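Worksheet: one structure, shown below.
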Amino acid sequence: MSSATADDYLLELAVAEGLLTAAQVESARARTNGGSPYAALMLTGELDAGRVTALLARRFGMATVELAKVQVTSDVLALVTAAQARHYRLLPLARANGTLRVAVADPLETDGIDALSHLHQLNVEPVLAAAPDLDRALRRFYGEPETEGPATPAPITTPAGTAPRAEVTASDAPIIRLVESFITEAVKLRASDIHLEPLERRFRVRYRVDGVLIPGASPPKRLQAAIISRVKIMAGMSIAEKRLPQDGRITFNVDGNPLDLRVSSLPGAHGEGVVMRLLDQQSLRYGLPELGFMPDDEATFARLIRLSDGILLVTGPTGSGKTTTLYSCLHAINQPDRKIITVEDPVEYQLAGVNQVPVRPEVGMTFAAALRAMLRQAPNVVMVGEIRDGETAEIAIHASLTGHLVFSTLHTNDAPGAVTRLIDIGVKPFLVSTSLRGVMAQRLVRRICPACAEVHRPGAAELRLLDIPAALAEGATFRRGRGCPECHGTGYRGRLGIFEILVVDDELRRLIHDGAPAAKLRAHARAAGMRTLREDGVRKIIAGLTTVEEVVSMTVGDAS
């Protein structure tokens, strides 16, 4: 229940019990101008906190506690961090016989009770305390809250956004402008990440553009601490905590366009390093053609994602575009007559018309737990961000066997390897053979800049790198980028995928059922028409979309 609703409920009870008059309530509403009327009444002394607590206790059948007389042992306090206690506004009191007793001021706020119950697998028993007494007790047992930043991560916006920023002094302004310039420069470069890296004698700034790190203008080492602190404040992270990794989020406006950044800090030998990942909302609108499919592969993959049931896997290393591919699949099949639910860690992009569930391990919401709950929501299509263990894999496969179409990702190097990976983590071969409809391995290669592309005749050594026959090379149009302002002199602009699509046919299903090794699965798939990553890359080289160097670097060890 929202605080405004809880306030209204309290005020109605107080009026009904004769603690307040209707005129006092209306006066408080006018004074707060949309804020908390309950708080206004408390501050002006028109409402006694003790009497309100007694009223709530009687109404909800709860016990009360006088916190001024309470002593809490350190082992009980350790069950709830200071940040959790302030965020959920509760105080642990005692633990006995599998029950944790906590003091709360608002009986309608149950999020903290649910979180603690899941986290510690305990029965949580709330008792009521007066709100001012609870605030004093939190300061007494946990100390004064940090004033430099919020106690728990919460997204805030920069000055271009709608939410207020922290108070800034004149001496802070240059640092603020410097941090904002990093983000603006990243947008101009079309970067996916900003890396702030403390080294022994310098503070390095780099941008990842089309998968490659390029150096930026690095500020003096003496500004390192101020820059890192500013980023952490913007991301809602604690600047007092420098020993542990933290995560946060920033909302930023560039030329009137909203931009989301996911922020991660990591303590190192020379200070905290920070990576800001720019979440490109444009990728939500990608269809299958924008991913880089050749027409025949696009037709095959489009058929797989429109099946009524079964499991379809996308594999590849971190940063190979698996999540973008899955979002493109959902975008392609998202229709009003289909219910789609995803479980992700974290939910990075908001998809219109799709029910998205974030993983929250701290309260027991793992991939497996979320997937079990999702299936009771009667979806048509389920997307699991990643299959990490046997339990998640088995639930996903059972879902696919009961009439659901399931999309997910795995970390394997090629498509046939996904089959053996599922079996290695404990899924029975007969379940894999029955449920699996297809696997697509992918990599991202840089696309030749269209503004400076020119015809290029590769030498014999280049052709030998990819075993391109001379006869095939004769009729091909090879290109490369000369380098221009559009691509910042790199010769590349943007990326596209190269793909290896394995379609499970009857013979492959039999081989999986019999526990055949990956080499045998691959040999059958190749005989049935599957192209390797390198072969698909060669097709895109010949089509003038990318270069020999890119495909070779992304397919090292690929047997064509």
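The values are calculated or read from the model by the stated rules, or taken from the named source; none is laboratory data. Quantities reported herein were computed from a predicted structural model and do not represent experimental measurements. Glycine also receives a Cβ, built like all others from the backbone with ideal geometry; neighbour counts cover every protein chain displayed. These accessible areas exclude ligands, DNA and RNA; they are computed on the full protein's heavy atoms, side chains included. Shrake-Rupley method; radii C 1.70, N 1.55, O 1.52, S 1.80 Å.
Quick one: in the range 392-414, of everything that is open to solvent by 20 Å² or more (accessible area, probe 1.4 Å) and in a loop (DSSP other than H, G, I, E, B), which residue is nearest to residue 305 (Cα to Cα)? Walk me through how you get there before you give the answer.
Let us first name the residues in the range 392-414 that are open to solvent by 20 Å² or more (accessible area, probe 1.4 Å), namely 394-395, 398, 401-404, 411, 413-414.
Then keep just the ones that are in a loop (DSSP other than H, G, I, E, B); that gives 402-404, 411, 413-414.
Working: 402: 17, 403: 14, 404: 12, 411: 20, 413: 21, 414: 19 Å.
It comes out as 404.
Consider residue 503 against the criteria (1) touching a Leu at 6+ places or on another chain (Cβ under 8 Å); (2) at pLDDT below 90; (3) within 30 Å of residue 286 (Cβ to Cβ): it satisfies all of them except one. Which criterion is unmet?
(2)
For residue 509, work out the one condition from (1) over 30 Å from residue 481 (Cα atoms); (2) assigned to a loop (DSSP other than H, G, I, E, B); (3) open to solvent by 60 Å² or more (accessible area, probe 1.4 Å); (4) not polar (S, T, N, Q) it doesn't fulfil.
(2)
Is at least one residue of the range 265-282 touching a residue at least 60 places away in the same chain (Cβ under 8 Å) and assigned to a helix (DSSP H, G or I)?
So far as the range 265-282 goes, yes, one or more of its residues are touching a residue at least 60 places away in the same chain (Cβ under 8 Å) and assigned to a helix (DSSP H, G or I).
Just checking, how many residues over the range 298-312 are among the aliphatic types (A, V, I, L, M), within 26 Å of the chain's Cα centre (by Cα) and not in a helix (DSSP H, G or I)?
Of the residues in that region, 2 qualify.
Looking at the range 301-347, which of the residues that are of a type in the set (Asp, Glu) and over 15 Å from residue 410 (Cβ atoms) is most open to solvent (accessible area, probe 1.4 Å)? Break it down stepwise before answering.
Here is the first cut: in the range 301-347, the residues of a type in the set (Asp, Glu) are 309, 337, 344-345.
In the following step, the residues that additionally are over 15 Å from residue 410 (Cβ atoms) were identified as 309, 337, 344.
On the way: 309: 48, 337: 124, 344: 8 Å².
Looking at the filtered set, the residue picked out is 337.
Table: residues versus (1) open to solvent by less than 50 Å² (accessible area, probe 1.4 Å); (2) basic (Lys, Arg); (3) assigned to a helix (DSSP H, G or I).
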{"position": "461", "(1), (2), (3)": "no, no, yes"}
{"position": "486", "(1), (2), (3)": "no, no, yes"}
{"position": "490", "(1), (2), (3)": "no, no, no"}
{"position": "496", "(1), (2), (3)": "yes, no, no"}
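Only one of 169, 147 is modelled with pLDDT under 90, farther than 23 Å from residue 267 by Cβ and open to solvent by 40 Å² or more (accessible area, probe 1.4 Å); which? I'd like the intermediate steps shown before the answer.
Numbers: 147 fails: farther than 23 Å from residue 267 by Cβ.
Testing whether each residue is modelled with pLDDT under 90, farther than 23 Å from residue 267 by Cβ and open to solvent by 40 Å² or more (accessible area, probe 1.4 Å) leaves just 169.
When the residues of the range 251-278 are narrowed to those that are among the aliphatic types (A, V, I, L, M) and closer than 13 Å to residue 184 by Cβ, which ends up modelled with the highest pLDDT?
Checked the range 251-278; the qualifying residue modelled with the highest pLDDT is 276.
Please state which of the following conditions residue 437 fails to meet, knowing it meets all the rest: (1) in a strand (DSSP E or B); (2) open to solvent by less than 40 Å² (accessible area, probe 1.4 Å); (3) of a type outside the set (Ser, Thr, Tyr); (4) within 30 Å of residue 392 (Cα to Cα).
All conditions are met except number (2).
Considering the range 204-235 alone, what residues qualify as being touching a Ser or Thr at 6+ places or on another chain (Cβ under 9 Å), closer than 14 Å to residue 175 by Cβ and buried (at least 21 other Cβ atoms within 10 Å of the Cβ)?
228, 231, 232, 234
In the range 8-30, which residues are farther than 16 Å from residue 129 by Cα and at pLDDT below 70?
8, 9, 17
Please give the number of the condition residue 119 fails out of (1) touching a residue at least 60 places away in the same chain (Cβ under 8 Å); (2) within 30 Å of residue 25 (Cβ to Cβ); (3) surrounded by 14 or more Cβ atoms within 10 Å (Cβ to Cβ).
Status for residue 119: all satisfied but (2).
Any idea which residue in the range 49-103 is nearest to the chain's Cα centre (by Cα), counting only those that are surrounded by fewer than 18 Cβ atoms within 10 Å (Cβ to Cβ) and among the hydroxyl-bearing types (Ser, Thr, Tyr)?
Looking at residues that are surrounded by fewer than 18 Cβ atoms within 10 Å (Cβ to Cβ) and among the hydroxyl-bearing types (Ser, Thr, Tyr), I get 81.
Identify, please: which residue in the range 512-553 is of a type in the set (Gly, Ala, Ser), closer than 30 Å to residue 428 by Cα and part of a helix (DSSP H, G or I) and is, among those, least open to solvent (accessible area, probe 1.4 Å)?
Residue satisfying both the conditions and the ranking: 525.
Scan the range 90-111 for residues that are under 18 Å from residue 362 (Cβ atoms) and at pLDDT 85 or above and report the count.
The qualifying residues number 4.
When residues of the range 236-280 are filtered for being within 30 Å of residue 329 (Cα to Cα), surrounded by 14 or more Cβ atoms within 10 Å (Cβ to Cβ) and either under 16 Å from the mean Cα position of the chain (by Cα) or of a type in the set (Ser, Thr, Tyr) (or both), how many remain?
Residues that pass the stated criteria total 16.
Considering only residues that are without any contact (Cβ under 8 Å) to a residue 60 or more places away in the chain, β-branched (Val, Ile, Thr) and surrounded by fewer than 23 Cβ atoms within 10 Å (Cβ to Cβ), look in the range 361-391 and name the one that is farthest from residue 343 (Cα to Cα).
Step by step, filter the range 361-391, then rank; the result is 381.
Within the set of pairs 6 or more residues apart or between chains, which connect a residue that is in contact (Cβ under 8 Å) with a residue 60 or more places away in the chain inside the range 536-548 to a residue that is buried (at least 21 other Cβ atoms within 10 Å of the Cβ) and aromatic (Phe, Trp, Tyr) with Cβ atoms less than 6 Å apart?
From the range 536-548, the pairs are 536/499.
Take the conditions among the basic types (Lys, Arg) and surrounded by 15 or more Cβ atoms within 10 Å (Cβ to Cβ) and apply them to residue 443. Does it pass? Show your work before the answer.
Values: among the basic types (Lys, Arg): yes; surrounded by 15 or more Cβ atoms within 10 Å (Cβ to Cβ): yes.
Spelling it out, residue 443 is indeed among the basic types (Lys, Arg) and surrounded by 15 or more Cβ atoms within 10 Å (Cβ to Cβ).
Conditions (1) hydrophobic (A, V, I, L, M, F, W, C); (2) at pLDDT 85 or above; (3) under 25 Å from the mean Cα position of the chain (by Cα); (4) surrounded by 19 or more Cβ atoms within 10 Å (Cβ to Cβ), marked per residue:
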position	(1), (2), (3), (4)
133	no, yes, no, yes
160	yes, no, yes, no
189	yes, yes, yes, no
196	yes, yes, yes, yes
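Could you give me the residue pairs with C-beta distances under 7 Å whose first residue belongs to the range 455-477 and is touching a residue at least 12 places away in the same chain (Cβ under 8 Å), whose second residue is in a loop (DSSP other than H, G, I, E, B) and hydroxyl-bearing (Ser, Thr, Tyr) wherever it lies, and which are 6+ apart or on separate chains?
So the pair list comes out as 455/477; 467/560.
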